[in-house]
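Okay, so here's the structure we're looking at.
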2 protein chains.
Amino acid sequence: MQPVLIAGQWRPSHAAAHFQSENPATRSRLPDEYPVSAWQDCNEALGAAAAAADVMRRLPSEQIAAFLERFAERIEANKDALVAMAHAETALPVTPRLADVEFPRTTGQLRQAAAAAREGSWAMATIDTKNNIRSVLAPLGPIAVFGPNNFPFAFNSAAGGDFAAAIAAGNPVIAKANTSHPGTTRIFAEAAFDAVQATDLPSAAVQLLYRTSHEDGERLVSDPRLGATAYTGSRTAGLALKAAADRAGKPIYLELSSVNPVVILPGAIQSRATELVNEFTTSCLMGAGQFCTNPGMVIVFASAESEAWIKAVVAKFRASPDGTLLSKGVESSLATSITKLRAGGANLLTGDDAGSGQGYCRKNTLLAIQGEQFLQNPELFQTEAFGNASLFVTVRDVAEAQGVLAHLEGNLTGCIYSDQDGADEDIYAALAPILRERVGRLLNDKMPTGVAVSPAMNHGGPFPATGHPGFTAVGIPASLRRFAALQCYDNVRAHRLPPALQDRNPNGRMWRLVDGCWTKDNAQTTS
Amino acid sequence: MQPVLIAGQWRPSHAAAHFQSENPATRSRLPDEYPVSAWQDCNEALGAAAAAADVMRRLPSEQIAAFLERFAERIEANKDALVAMAHAETALPVTPRLADVEFPRTTGQLRQAAAAAREGSWAMATIDTKNNIRSVLAPLGPIAVFGPNNFPFAFNSAAGGDFAAAIAAGNPVIAKANTSHPGTTRIFAEAAFDAVQATDLPSAAVQLLYRTSHEDGERLVSDPRLGATAYTGSRTAGLALKAAADRAGKPIYLELSSVNPVVILPGAIQSRATELVNEFTTSCLMGAGQFCTNPGMVIVFASAESEAWIKAVVAKFRASPDGTLLSKGVESSLATSITKLRAGGANLLTGDDAGSGQGYCRKNTLLAIQGEQFLQNPELFQTEAFGNASLFVTVRDVAEAQGVLAHLEGNLTGCIYSDQDGADEDIYAALAPILRERVGRLLNDKMPTGVAVSPAMNHGGPFPATGHPGFTAVGIPASLRRFAALQCYDNVRAHRLPPALQDRNPNGRMWRLVDGCWTKDNAQTTS
């Protein structure tokens, strides 16, 4: 059985049970056995992480940055092994997806996080020279990271966006592997631990557990020694963790389900129907639709053009290969969600059958309802069908479209496509404000599946897409701020201040808010 | 019975019951009767607030700023009535406290909030010109504000810091009056509503309820129409509201109890004992100790000097008048907390008896324990005794002091006093890092009771002092960010962007993060 990484040791787990991952393309078990940790593992990891946190919060940010960069290099040195393992565990295509897209994104994120840690502007150091009051965002303590199944690299709990943000903010990470790709996570953790040693971080800066009971997971996220939790995954499991963390007053950042409504206004269909068929199909079927931002609901206006457009999409879905799903669980929950939507009255246009592949697979699926059906049961029709499926909602008019949008739950994204000549402008103005308040990211004329690592990105949104509408999981520096506490120094003697709050800008490159102005200059204390 | 303010009407409450406030100085009921609202009032206020929120989020920030300034003027025009009513309802001294300190602080906060709204920098507009991704903090929706008993002006639910921040961020407020000063809150709400009308805000921008059942309070903070809640008050009531809000995924910002540890190092007592007696006594007895940041625990090192110092404080406490407490509830909970501390083994040095005043009053109280007693029951000895009382903890040595600090819950503040010549520097270095992680604001050589309205202030801290360690209730612009959602615009056409995210800086004075640099310049889109 594979060892866990606790307190700087790859050591046997206090295992309550074990599990194996599967190759979703062949439905066959992979050879390695991974432990389901008992509480003792969690307890030891928490103790070691708390001690590491006390060391890390005093390390120069240069050392944190060096770790992140060294880790990126170690990942690159292990690229072949990572790609092979991730392909075996997820069936995501080696190329372009794993090797050419997700891999460089992952190392890119780590390097962006390193740059942010080194510069230090993320911490929003604020200096009031007149009152000698100063504040800065400071490391929060050990961060538990629960990674999702659908990004074995870029959101891996031991290498992805949350990991990079938590470390860059100066915190140790307890990575809880996604159980569908434990081997990939193990290779990352090995590389991370190499980098920990090479850059002299505390040895428990990165720890790895593969799996726990639900009960121990809830205990972990509410433990007094923990700083916060980042969780990406299913709504049910996420809300159970949130309830436990909330009771203990521990921050938990969630990235849960989202149907990502796409509204296609009449002028867009009239002017570029074929383009939109291709754009939508590519976005919806890419990675077999297994993206948090997959367009799971498309709202169109009733017309002959819309009907023709939907028919063209159906034809395109039928002609497209059925991608392999990440696991048996994804396959069955996709089927269950589609059954639920159909039971509620959605009309099947294509799909909802065993897929053509030999792995976990469902046929590309499209469903359709009328706006009035949606309005009769808005909750049911927002059931996320995670995978290669989407639901058309045909609305009669603008008022009905407004009604549908007004009933949306919180989503990560919402898109509106419109014509280029202004014909749709009034409808846009009638709909956009309603959609705006229900999504974290509003797009124009663009599918939601690309999530750029931009300082302006919001990969977040209103509950239940996430747990708090003010934070983003993607985008540096903002994602770092989730893992920080605001610490104020009032009349603290100059030599006792952390470097970021001393009059002298510690690296000459850190943005600080000094007496109301953002500046890289030194603060001038008049005394 | 006094009417409630709902949807722009002062109208009779759907009252389940009614209550009167008391003059704490005379223990006599004040004449006015106020309603305990039934759910119907809350429901109507929520509906009106949601409609107002949709209007407010599109208003020019200039109009929001004008409202806040007009409101400050209206408050000034009603100063005599406000001071008289607040004095009658709280027994806080007319001067300097109410008229000369808290009153100008309140109007000053409103004007600072107006300036922040007008400038717009608080919203952290972020522009990535290369990817055409832009994001900004935007109004969250109706904010329920529950004000505390101890600041009838500066934290009043219809005029104080949370109110000002919520409005400045562009949200309507549903004010829930503190039941110990409903009349003061009514005068504020009248002035606010005048200002609402004068500046043409939606009429439900400010609404007022006086009281609800606990059940309806929980329903209010978890209602889908609500954006968030700000609550300042007791831990029990706050945690009940938090549980309800958390279940619904609604942000709730809490400012709960805190014992605000003060550590006095040996050199400080040796070099300025008398100064410290006065400083501590003033801070602890001001306002009869009824401050969130009241120094409720003082840690000193065992020595003859410390014993003498404590004796001098005891003498000073005995010689100081017993202030009037805010209510019968404060009086009884102070007595209960002191009884609990004594039952746990704390030694009574002075007080714990009926006070000498004719109003609600307890004698100035000092208790003492040894560090080892604290360590045997750290939870009990952190019982907040809200009022004119404090607990000395005498530690044997640095290790014991470290142990005591390590067992502290989250607090708003922590102070360390040390000598001026460096003799205490090693002890400081041994203790400060432990204290630092357990408080929102770390002070040197200064009592915690002054909370400056500074951009660098943190009136917050780790749970259970607050509900989230990243936010502050005092300090502009940071306090506004609690009431905002991060909204991203991805590829959105230029003319559809909110003003803050267009290339042109809308007022030339807004700080924006453009391509990684904080600037007031226009963004330069290369296309």
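Helix-only mean residue ellipticity at 222 nm, the protein assembly as shown, DSSP H runs n ≥ 4 weighted -39,500 (n - 2.57), per residue, nearest 500. What is it?
My calculation for the protein assembly as shown gives -11500 deg cm²/dmol from helical runs alone.
Quick one: work out Rg over Rh on the C-alpha atoms of the protein assembly as shown, Rh as Kirkwood radius. Show your work: numbers first, answer last.
On the way: Rg = 29.3 Å, Rh = 30.0 Å.
Result for the protein assembly as shown is an Rg/Rh of 0.98.
Only Cα pairs under 8 Å and at least 6 apart count here; give the relative contact order of region A:370-527 as a rounded whole percent.
15 percent
Would you mind working out the magnitude of the charge dipole of the protein assembly as shown relative to its Cα centre, with +1 at each Lys and Arg C-beta and -1 at each Asp and Glu C-beta, to the nearest 20 Debye?
60 debye
Taking B:Lys130 as the anchor, which lysines have their alpha carbon closer than 18 Å to its alpha carbon, excluding any fewer than eight residues away along the same chain?
Answer for B:Lys130, where 18 Å is the Cα cut-off: A:Lys446, listed by chain and number.
Tell me the relative contact order for chain A as a rounded percent, counting alpha carbon contacts under 8 Å between residues six or more apart.
Computed over chain A, the figure is 17 percent.
Return the whole-Å distance between the Cα centroid of region B:108-138 and the Cα centroid of region B:400-440.
Each part reduced to its Cα centre gives a spacing of 36 Å.
Of A:Lys79, A:Lys176, A:Lys446, how do they rank once you tally other Cβ atoms within 10 Å and put the fewest first? Please report the intermediate quantities before stating the final value.
Numbers: A:Lys79 14, A:Lys176 27, A:Lys446 18.
The fewest-first ordering by Cβ neighbours comes to A:Lys79, A:Lys446, A:Lys176.
Give the nm distances, rounded to one decimal, from B:Trp10 to the matching residue in every other copy, measuring between label points 7 Å along Cα toward the beta carbon; shortest first.
Inter-copy label distances (nm, one decimal, shortest first): 7.6.
Using a label point 7 Å beyond Cα on the Cα-Cβ vector, give me the inter-copy distances for A:Pro104 in nanometres, one decimal, shortest first.
6.2
Rank the residues B:Asp54, A:Asp216 as a footprinting-exposure proxy: fewest other Cβ atoms within 10 Å of their Cβ go first.
The most exposed by this proxy come first: B:Asp54, A:Asp216.
Between copies, how far does the label point of A:Ala315 sit from its twins, in nm, shortest first, when each point is 7 Å from Cα along Cα→Cβ?
Result, one decimal in nm: 10.0.
Measure nothing fancy, just the Cα-based angle from helix B:103-119's long axis to the longest principal axis of chain B, in degrees from 0 to 90, nearest 10.
The answer is roughly 40 degrees.
Can you tell me, using C-alpha contacts under 8 Å and at least 6 residues apart, the relative contact order of region A:261-444 as a whole percent?
This gives 28 percent for region A:261-444.
As I understand it, the value is the acute angle between the Cα axis of helix A:266-285 and the longest principal axis of the Cα atoms of chain A; what does it come to in degrees, rounded to 10?
The angle comes out at about 60 degrees.
So, with +1 on the Cβ of K and R and -1 on the Cβ of D and E, and no other charges, what is the size of the charge dipole of chain B about its Cα centre, to the nearest 20 debye?
Magnitude of the dipole: close to 1100 debye.
Among B:Ser337, B:Ser303, A:Ser390, what is the fewest-to-most ranking by other Cβ atoms within 10 Å?
Working: B:Ser337 19, B:Ser303 13, A:Ser390 29.
Final ranking by Cβ density, sparse to dense: B:Ser303, B:Ser337, A:Ser390.
For chain A, treating each Cα as an identical point scatterer without solvent, what Debye log10 I(q)/I(0) comes out at q = 0.09, 0.10 1/Å?
So the normalised log intensities are -0.67, -0.81.
What net charge is computed for the residues neighbouring B:Gly450, neighbours being all others with C-beta under 11 Å from the C-beta of B:Gly450, Lys and Arg scored +1, Asp and Glu -1?
Summing Lys and Arg as +1 and Asp and Glu as -1 gives +2.
Based on a Kirkwood Rh over C-alpha pairs, give the Stokes-Einstein translational diffusion coefficient of region B:261-444 at 4 °C and viscosity 1.567 mPa s in µm²/s.
79 µm²/s
Cross-link partners among lysines for A:Lys242, C-alpha distance below 30 Å, same-chain residues fewer than 8 apart left out?
Filter leaves A:Lys176, A:Lys250, A:Lys328, A:Lys340, B:Lys176, B:Lys242, B:Lys250.
Taking Cα atoms, how many degrees apart are the long axis of helix A:235-247 and the longest axis of chain A, rounded to 10 and kept between 0 and 90?
Around 40 degrees separate the two axes.
Based on alpha-carbon centroids, what's the gap between region B:249-306 and region A:297-326 in Å, whole number please?
67 Å
With loop defined by DSSP as not H, G, I, E or B, and exposure as at most 16 other Cβ atoms within 10 Å, which is the longest segment of chain A clear of exposed GluC sites (Glu not before Pro)?
Working: sites that count: A:Glu33, A:Glu379.
That gives A:34-378 as the longest site-free run.
Computed from the coordinates by the stated procedures, all read-outs in this text should not be read as laboratory data. No experiment lies behind these values; they were computed from the predicted model shown. Every residue, glycine as well, gets a Cβ built from its backbone with ideal geometry; the counts of neighbours run over all protein chains shown.
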